[in-house]
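Comments concern the structure below.
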Protein chains: 2
Amino acid sequence: MKKNITIYTIAEEAGVSAATVSRFLTGKAKVNESKRKRIDEIIKKYNYRPNAIARNLSNQATKTLGFIMPDVTAPFYGTVFLEAERVALEMGYSILLCNTMNDNVLTNTNVEMNYIDFILEKQVDGLIIMGGHIDNLRTAPEYLERINALTNQVPLVMINGEIRGLDCYNIRSDSKVGINQLVDYLVSLNHEKIAFIGGYMDIQPTMRRLEIIQESLARYGIGFNDKWFIEDDFSVQAGKDSMEKLLKMNDRPTAVICVNDMVAVGALHTAMKMGVKVPEEMSIAGFDNTYLTECVVPEITTVDLQPKKLAKTAIETMIKHLEGDMTDKKEIIIKTQLVLRDSCSIAR
Amino acid sequence: MKKNITIYTIAEEAGVSAATVSRFLTGKAKVNESKRKRIDEIIKKYNYRPNAIARNLSNQATKTLGFIMPDVTAPFYGTVFLEAERVALEMGYSILLCNTMNDNVLTNTNVEMNYIDFILEKQVDGLIIMGGHIDNLRTAPEYLERINALTNQVPLVMINGEIRGLDCYNIRSDSKVGINQLVDYLVSLNHEKIAFIGGYMDIQPTMRRLEIIQESLARYGIGFNDKWFIEDDFSVQAGKDSMEKLLKMNDRPTAVICVNDMVAVGALHTAMKMGVKVPEEMSIAGFDNTYLTECVVPEITTVDLQPKKLAKTAIETMIKHLEGDMTDKKEIIIKTQLVLRDSCSIAR
DNA sequence: TTGTAGGCGTTATCAA
DNA sequence: TTGATAACGCCTACAA
């Protein structure tokens, strides 16, 4: 086994001490011009790279951020992650990603809890959580306890999470603006029979959106028919199934708001398959404004949650905190906005 | 600042030496039952977790694999990554993901090369590369040189890469079977005017697929009209643009094979927007078999590249290598297969 | 079965 | 400006 090349290797060949090589590497102290040059040469000769593990151990910091989410494969989460990675890298940090996929959002918190431990062992400097159990309105007590303890070990940023009274940063989107715009729009198109599909009752984005929709409709004196809330998960398949249920009803809604774009795409899929014309016979809207909305015809009208802005804010908030630039602004709201496309038209 | 809890903290309180605690932790040597118990208690009391960084430094291994790819957000890549993460975790490894997004596939190799350095500094035990410059048929010499050097530092697994004569493992999908099936199918539907859209000429998956399509058509004595190869990138937008070009031609093809599902979805989008019925007036097929194909109507007929199998094989191959279970099978072929859905029908 | 001591590759403190 | 030297937290001979 070839011996590793270390600062000692470099130091020896350059005729200096390891400390000097280290200083050269970090640039935190001056080193004589001639030695500089020699060190530089040897480093290039060996194509030497400092060992980040050793560096981390010594520095007591890894310059890496843990990021826990359900599934990068979902366009919204994926977009957030990618932007987070980009911004982090730009600021000199890297991201350790964990997908908790297998967890059942409503019950089993094991995967996520294991991941938290796992990620802490890796000594991340900060932890970012998006989706999963932090969205759960009835959080399991042991999970709550764990996440509370967490808060003392490492700074935490939650994206669109729901847990109250937790000492962490919250980056959340204010759905209200976007939803009001959406409801205004639908009402202006004469819709009064509006459904809401996808998502679990116990999950925050679901209930929050549903409530705001109801409030928003109430401004027009329009009631929400509970039969038209179809509970399911957040997948394309959920959209397909839920729309099918809706279409089998005697009293159909004229417009369907979906808990996210994936569900909207699924809903559109079923409508088309069952010969229901969108938007002529049925209007459909989504949430998130992911690229999916522009994949289908008609393109889907949606509420933009600004995933990139969420990501950027989350990373910047975390790094500011880590670098001592404290704020006491623990909560940051990102505005949402309606994006008009082709999937809604006048009710008939 | 609170002092960190280390094996010494535990050792002291348990009245044993740090070595014993370490042995308890690794389980690699026996430790007396009564001490076992005491150690265990203290560990729980403090909620102690071993510091992975220190462990890695000592072990000279990180149990993490670097994974370099262009963009997790693309469904195919995302699927591969997710499965890779799952399998790796199951085998006790974690994955450090890097998205090279910003690189221009054809020219600038900087982002990817920087990432390689970056990832090596983190002392990953192995490196997996999928997409990006390894697909480039005219690889930049300095990139080749770099990647060759790489090969001496860390085991390398390439997924569907093209670089020949490199000492690494290759997991690649054999497109031939799937493409032959696709061509057989299209010909059986009376298609003779078949286009191919998306992808760059200089990129392996593009050319490989195109060549095989041509060969496959040749079996039927059908020629390929070069005008119907529209070069573009691999995005939904590419599909939209390319289809538009195709539809503006006087002599239109009756079927379009797309370099991947995203392009296929884009192509379908344009066809529908321009009032061309799919599949009645135009058949469309894709590659990859991602979930996108089932989002749209008609659902898209595609060649399944088995992303999960690619991922699993890649990870298993890597870990087998790392754990000394060497094989000399440096190349593993994953079969592809045609998946029939609704986007193709008889030519007219 | 247990403890001592040295090493993993860097950084940082303290003299010089 | 430089060089010893002691951390950082864990693992593993080696000796007991």
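Bear in mind these aren't lab numbers, they're just calculated from the coordinates by the rules spelled out. Given the structure is predicted, the values throughout are model-derived calculations rather than measurements. Here the Cβ is made from the backbone with ideal geometry for all residues, glycine too, and neighbour counts use every protein chain on show.
Close amide-amide hydrogen proximity is noted between A:L96 and A:L65, A:G66, A:F67, each under 5 Å apart and 5 or more residues distant or on a separate chain (H modeled in the peptide plane; Pro and chain starts excluded).
Per-residue 3J(HN,Hα) values for the stretch B:92-100, derived from phi via the Karplus relation 6.51 cos²θ - 1.76 cosθ + 1.60 with θ = phi - 60°, read x, 10, 10, 10, 9, 9, 10, 9, 8 Hz in sequence order (x marks Gly and Pro). Label-point spacing at B:E323 relative to the other copies reads 4.2 nm, in ascending order, each point sitting 7 Å out from Cα along Cα→Cβ.
Backbone N atoms of the stretch A:1-29 closer than 16 Å to the 7 Å Cα→Cβ label point of B:A149 belong to residues A:5-6, A:10. Taking amide H positions as modeled 1.01 Å from N, with prolines and chain starts lacking one, the residues under 5 Å from B:V303 and 5 or more places away or on another chain are B:G286, B:F287, B:D288, B:N289, B:V339. Take A:E215, move 7 Å from Cα toward the beta carbon, and the resulting point lies 6.4 nm from the same point in each other copy, nearest first. Legend: calculated FRET efficiency, B:L189 to A:S188, from the Cβ-Cβ distance at R0 = 60 Å, rounded to 0.05, equals 0.85. Find how many whole Å separate the alpha carbon centroid of the stretch A:304-348 from the alpha carbon centroid of the stretch B:132-188. For the stretch B:132-188 versus the stretch A:304-348, the Cα centre distance is 39 Å.
Taking the number of Cβ atoms within 10 Å of each Cβ as an exposure proxy, the fewest-first ranking of B:Y185, A:Y8 is A:Y8, B:Y185.
When the Gaussian network model of chain B links Cα atoms closer than 10 Å, the mean-square fluctuations of B:N250, B:N260, B:N108 top out at B:N250. The coefficient of translational diffusion for the protein assembly as shown, derived via Stokes-Einstein from the alpha carbon Kirkwood radius under 10 °C and 1.306 mPa s, stands at 57 µm²/s.
Were the residues from B:D325 through B:N225 laid out at 0.36 nm apart, the gain over their Cα-Cα distance would be 31.1 nm.
Each Lys and Arg adds +1 at its Cβ and each Asp and Glu adds -1 at its Cβ; summed about the Cα centre, the stretch A:227-313 shows a dipole of about 40 debye. What does the C-alpha gyration tensor say about the overall shape of the stretch B:65-133? Classify as rounded when a/c is under 1.5, otherwise prolate if a/b is larger than b/c, or oblate. Taking the square roots of the gyration eigenvalues as a ≥ b ≥ c, the stretch B:65-133 is oblate. Does the stretch A:168-266 come out rounded, prolate or oblate, given a ≥ b ≥ c as the square roots of the eigenvalues of its C-alpha gyration tensor, rounded meaning a/c under 1.5 and, failing that, prolate meaning a/b above b/c? Oblate, because a/c is 1.5 or more while a/b does not exceed b/c. When the square roots of the Cα gyration tensor eigenvalues are ordered a ≥ b ≥ c, the ratio a/c for the stretch A:227-277 is 1.5 or more and a/b does not exceed b/c, which makes its shape oblate.
Only loop residues by DSSP count here, and only those with at most 10 other Cβ atoms within 10 Å; note down the trypsin sites (Lys or Arg not before Pro) in the stretch B:297-346 that meet that. Passing sites in the stretch B:297-346 are B:K329.
The order of A:H133, A:H321, going from fewest to most other C-beta atoms within 10 Å of their C-beta, is A:H321, A:H133. What is the Rg over Rh value, at two decimals, for the stretch B:132-217, using alpha-carbon atoms and the Kirkwood definition of Rh? With Rg and the Kirkwood Rh in hand, the quotient comes to 1.10. Of A:D328, A:D226, A:D184, which has the largest mean-square fluctuation in a 10 Å C-alpha GNM of chain A? Ranking A:D328, A:D226, A:D184 by mean-square fluctuation puts A:D328 first. Principal axis extents of the Cα atoms in chain A, from largest to smallest and rounded to whole angstrom, are 87, 41, 40.
Strictly greater than 20 Å: what percent of every Cα pair in the stretch B:6-120 meets that?
Of the Cα pairs, 59 percent sit more than 20 Å apart.
Between the alpha-carbon centres of the stretch B:206-266 and the stretch A:192-256 there is a gap of 41 Å. Sequence-ordered 3J(HN,Hα) estimates for the stretch B:331-341 from the Karplus curve with 6.51, -1.76 and 1.60 and θ = phi - 60° stand at 10, 10, 9, 10, 5, 10, 7, 6, 10, 7, 9 Hz, glycine and proline given as x. Once the C-beta distance of A:K44 and B:I333 is scaled by a Förster radius of 45 Å, the resulting FRET efficiency is 0.70 to the nearest 0.05. Scoring B:81-92, A:229-240, A:43-54, A:141-152 by mean Cβ neighbours within 10 Å over their residues and listing the highest first yields A:229-240, B:81-92, A:43-54, A:141-152.
By DSSP, what percent of the beta bridges with both residues in the protein assembly as shown are antiparallel, rounded to the nearest 5?
Beta bridges within the protein assembly as shown, antiparallel portion: roughly 10 percent.
Peptide A:290-299 is shielded by partner chain Cβ atoms: per residue, an average of 5 of them sit within 10 Å of its Cβ. Net charge of the neighbourhood of A:A14, taken over other residues with C-beta under 11 Å away and scored Lys/Arg +1, Asp/Glu -1, is +1. Under a Gaussian network description of chain A, with springs only between Cα atoms under 10 Å, the residue in A:A255, A:A18, A:A271 that fluctuates furthest is A:A18. Per the Kirkwood definition applied to all pairs of different Cα atoms, how many angstroms is the hydrodynamic radius of the stretch B:195-348? After inverting the pairwise mean of 1/r, the radius is 16.5 Å. Sorted from shortest to longest, the distances between the B:K227 label points of this copy and the other copies are 5.7 nm, with each point 7 Å from Cα along the line through the beta carbon.
Computed from backbone phi, the HN-Hα couplings of the stretch B:281-296 come to 9, 7, 8, 9, 9, x, 9, 3, 6, 8, 5, 4, 4, 9, 8, 9 Hz, rounded to whole numbers (Karplus: 6.51 cos²θ - 1.76 cosθ + 1.60, θ = phi - 60°; Gly and Pro given as x). The mean sequence distance of close C-alpha pairs (under 8 Å, at least 6 residues apart), as a share of the length of chain B, puts its relative contact order at 16 percent.
Over the protein assembly as shown, dividing the summed -39,500 (n - 2.57) contributions of all DSSP H runs of at least 4 residues by the number of residues returns a 222 nm mean residue ellipticity of -13500 deg cm²/dmol. Listing B:T9, B:T302 from fewest to most neighbouring C-beta atoms within 10 Å gives B:T9, B:T302.
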